[in-house]
Amino acid sequence: MATLKTLQGDHYLVPLPVALSDSTHGIITHFELITARVTDADGAEGMGYTYTVGANGAAAHAIIARDLKPVMEGQDADLIEKAWQRMWWAQHYGGRGGPASLAISAVDIALWDLKARKLGTPLYRLLGGHDPAVPCYAGGIDLEFTPEALLKQTEGNLKKGFRAIKMKVGRARLAEDIARVKAMREYLGADFPLMVDANMRWTVDEAVRAARALCEFDLTWLEEPTIPDDVQGHVRILRDGGLPIATGENLHTLYEFTQFIHAGAVTFPEPDVTNCGGVTVWMKVAHLAEAFNLPVTSHGAHDITVHCLAAAPNRSFLEVHGFGLDLYIADKLPIVDGKAIASERPGHGVAFDWKGLEKLRAK
Ligand SMILES: [Mg+2]
């Protein structure tokens, strides 16, 4: 038995190198990083994290530091499914999503990291192992960028090795979105994978109209066309809009993904390992998608998620955008000719610069 000796939660406010913008969150100047660190009785360590864009961080931190710490310390760290159930039921009444899912995700990631590091194996191999070279795309958070800034960002992403790009839509007028997507398609050429993300901006009718108008640009997917609470609305957007639909960053339980997948409301399920319940749930969503003959993609936390996609035979693209966190991570995720390469270091291989983060600690 690998007894979990300590669980430590920490909370940081990380400034963004460039202010970001989307149709729901407006201008974003920093994000909240909440880490979970575990040790076992042998002194082995594991690390996980979750994040938010400006709210709930203190709540997620308190759940780890006050609620999950006493529930988890002393448990068998090796029995991750059991640990996950213990966290889920300890948080159930006020949980089933929200900050509870964020907190559980961070601890779950830490447990998987601990287990893989003890075994001396990279996480993706422990998860089944498929292909460490994962197609990826640059996730632009650029709704308010001028057309010039948008193309300049794109030029930079091509230089960095990206061979697929996502941009924001959901401007005040649909005509503006169409002009921006048209400019991007012309810049990138006919066969370059291009996705768009509306961040839940539209009603179902608006989304159908937008999807139809955007069809001519041969988009890989339209992401989050409307609120994540409307499963049937997504079914209609998918059927009547004519574009593949990606969604999932705001689905925070396995059961929410089940509803979408079972209803035929999503083409590319897009779980975020830091808010869906961790590696444990992410892999279940991937396998559920596989059983329904669907590709799986991902949201956020690319350094960790690359291992999940590297273990999923139905993987599509890894989203890459780091919210400036890259500045505090020792080894950058390598991107080679459009593919992110999962590390061969034991665990997920992400090591934070804890000293550098210390000055960002939330007060
Ligand atoms: Mg998105």
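The values are calculated or read from the model by the stated rules, or taken from the named source; none is laboratory data. On a predicted model such as this, the values are computed, not experimentally measured, just so you know. We place every Cβ from the backbone using ideal geometry, glycine too, and count neighbours over all the protein chains shown.
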Of all residues in the stretch 346-363, count the ones that are in a loop (DSSP other than H, G, I, E, B) and surrounded by fewer than 17 Cβ atoms within 10 Å (Cβ to Cβ). 6
When residues of the stretch 314-359 are limited to those that are more than 16 Å from the ligand (Cβ to nearest atom) and among the hydroxyl-bearing types (Ser, Thr, Tyr), the one farthest from VAL53 (Cα to Cα): SER343
Please state which of the following conditions PRO70 fails to meet, knowing it meets all the rest: (1) free of Cβ contacts under 8 Å to residues at least 60 places away in the same chain; (2) surrounded by fewer than 16 Cβ atoms within 10 Å (Cβ to Cβ); (3) under 30 Å from ASP229 (Cα atoms). (3)
Looking for something in a loop (DSSP other than H, G, I, E, B), touching a residue at least 60 places away in the same chain (Cβ under 8 Å) and outside the structural domain of THR52 (by TED's automatic domain parsing) - is there at least one such residue anywhere in the stretch 182-189? no
For the stretch 95-107, does any single residue satisfy the condition of being outside the structural domain of VAL279 (by TED's automatic domain parsing), modelled with pLDDT under 95 and part of a loop (DSSP other than H, G, I, E, B)? no
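Restricting attention to the stretch 191-237, report how many residues are hydroxyl-bearing (Ser, Thr, Tyr), surrounded by 20 or more Cβ atoms within 10 Å (Cβ to Cβ) and either touching a residue at least 40 places away in the same chain (Cβ under 8 Å) or more than 16 Å from the ligand (Cβ to nearest atom) (or both).
Here is the first cut: in the stretch 191-237, the ones hydroxyl-bearing (Ser, Thr, Tyr) are 203, 220, 226.
With surrounded by 20 or more Cβ atoms within 10 Å (Cβ to Cβ) added as a condition, the list becomes 220, 226.
Then drop every residue that is not either touching a residue at least 40 places away in the same chain (Cβ under 8 Å) or more than 16 Å from the ligand (Cβ to nearest atom) (or both), which leaves 220.
Qualifying residue count, the stretch 191-237: 1.
Only residues that are closer than 18 Å to CYS136 by Cα and touching a residue at least 40 places away in the same chain (Cβ under 8 Å): list them for the stretch 147-181, please. Quick ask: steps written out before the conclusion?
Keep residues of the stretch 147-181 that are closer than 18 Å to CYS136 by Cα, which gives 153-168.
Across the stretch 147-181, the qualifying residues are LYS160, GLY161, PHE162, ARG163, ALA164, LYS166, LYS168.
I'm checking my understanding of the structure. Among residues of the stretch 251-264 that are within 16 Å of the ligand (Cβ to nearest atom) and of a type outside the set (D, E, K, R), which one is nearest to ALA103 (Cα to Cα)?
Our first condition is that a residue be within 16 Å of the ligand (Cβ to nearest atom); within the stretch 251-264, this holds for 251-252, 256-257, 260.
Going one step further and asking which of them are of a type outside the set (D, E, K, R), we end up with 251-252, 257, 260.
Values: LEU251: 15, HIS252: 11, PHE257: 19, PHE260: 23 Å.
Checked the stretch 251-264; the qualifying residue nearest to ALA103 (Cα to Cα) is HIS252.
So that you can scan it fast, the table gives a plain yes or no per residue for (1) touching a residue at least 12 places away in the same chain (Cβ under 8 Å); (2) buried (at least 21 other Cβ atoms within 10 Å of the Cβ); (3) closer than 21 Å to THR226 by Cα; (4) within 14 Å of the ligand (Cβ to nearest atom):
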position: ALA246; (1), (2), (3), (4): yes, yes, yes, yes
position: GLU249; (1), (2), (3), (4): yes, yes, yes, yes
position: PHE268; (1), (2), (3), (4): yes, yes, yes, yes
position: PRO271; (1), (2), (3), (4): yes, yes, yes, yes
position: VAL279; (1), (2), (3), (4): yes, yes, no, no
position: PRO295; (1), (2), (3), (4): yes, no, yes, no
position: HIS299; (1), (2), (3), (4): yes, yes, yes, yes
position: HIS302; (1), (2), (3), (4): yes, yes, no, yes
position: CYS308; (1), (2), (3), (4): yes, yes, no, no
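Within the stretch 153-161, can one find any residue that is farther than 14 Å from ASP197 by Cα and assigned to a loop (DSSP other than H, G, I, E, B)?
Yes, that holds for at least one residue.
Quick one: would you say THR121 is more than 22 Å from the chain's Cα centre (by Cα) and either crowded, with 16+ Cβ neighbours inside 10 Å or within 16 Å of the ligand (Cβ to nearest atom) (or both)? Even if it seems obvious, please write down each step before you answer.
Numbers: more than 22 Å from the chain's Cα centre (by Cα): yes; either crowded, with 16+ Cβ neighbours inside 10 Å or within 16 Å of the ligand (Cβ to nearest atom) (or both): yes.
Here the answer is yes, as THR121 does meet what is asked.
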From the residues in the stretch 124-156 that are closer than 30 Å to ILE28 by Cβ and among the acidic types (Asp, Glu), which one is surrounded by the most Cβ atoms within 10 Å (Cβ to Cβ)? ASP142
